[in-house]
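Reading through the structure tokens given below for one structure.
The values are calculated or read from the model by the stated rules, or taken from the named source; none is laboratory data. Bear in mind that the values here come from a model prediction, so they are computed numbers and not experimental data. Note that we place each Cβ from the backbone using ideal geometry, even for glycine, and neighbour counts take in every protein chain shown.
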Amino acid sequence: MGTTVTAEPTAGERFGSWLANAMRRADMDIDRQMGGGRSVLADAVGVSRSTVTRWMSGRVLPSAEQFEPLAKALGVYVDDMLVDSGIVDRAQMSPREGKPTAPRPTSYELERAAEILGVPPGKRRTYVQLMKSMAALTGSQIVGEFIGEQINDMGANKVTVVDSDADPSAG
């Protein structure tokens, strides 16, 4: 009996998997043959549909100059895209001048908060983008407190929105 060894996914494969999920979260139809999601993203980034397909398959990674328009088209921050897709480790990133240094709430946390708050599914992407913009301008702690207050005002069971990267002992 032989042992099966599974190789670690490559950076391209990790990015491709993340990209497919990000496109679904952005309501880009990629699961039907004629869904058009790849074309929508390609147009927004300024690349061909086949380039998006190569990114999704993990054969190639976007070039450095493509990351910003790609993140914008998907409604995410470039640094979150790089970290969440496994290209870089957040600990390796240094804070940049003019950007908040506190960790931002993740898209998943914001989507979950939108669900708890009763934001209709078709409006959740807008809610997540608005909260991310607020976090970039005011800081994550303020946004987390704001969302927590919204949820608590609804009479929910004292839900606290916590950043997954925050140190639990720092509270």
Residues of region 45-85 that turn out to be of a type in the set (Gly, Ala, Ser), surrounded by 15 or more Cβ atoms within 10 Å (Cβ to Cβ) and touching a Lys or Arg at 6+ places or on another chain (Cβ under 9 Å), as a count: 3
Restricting the first residue to region 5-18 and requiring it to be of a type in the set (A, V, I, L, M), which pairs with a second residue that is surrounded by 13 or more Cβ atoms within 10 Å (Cβ to Cβ) meet a Cβ separation below 8 Å and a spacing of at least six or different chains? Ala11/Leu61; Ala11/Gly86; Ala11/Ile87
Every residue from region 19-39 that is touching a residue at least 24 places away in the same chain (Cβ under 8 Å), in contact with a Gly (Cβ under 6 Å, 6 or more places away or on another chain) and of a type in the set (Asp, Glu): none
Restricting attention to region 40-67, the residues that are touching a helix residue (DSSP H, G or I) at 6+ places or on another chain (Cβ under 8 Å), free of Cβ contacts under 8 Å to residues at least 12 places away in the same chain and part of a helix (DSSP H, G or I) number exactly 3
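The rows are residues; the columns are (1) at pLDDT 70 or above; (2) out of contact with any helix residue (DSSP H, G or I) (no Cβ under 7 Å at 6 or more places or on another chain).
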| residue | (1), (2) |
| --- | --- |
| Val78 | yes, no |
| Thr106 | no, yes |
| Leu110 | yes, no |
| Tyr127 | yes, no |
| Gln141 | no, yes |
| Gln150 | no, no |
| Asp153 | no, yes |
| Thr160 | no, no |
| Pro168 | no, yes |
Looking only at region 1-27, filter to residues that are closer than 16 Å to Pro62 by Cβ and aliphatic (A, V, I, L, M); which one of those is surrounded by the fewest Cβ atoms within 10 Å (Cβ to Cβ)? Ala11
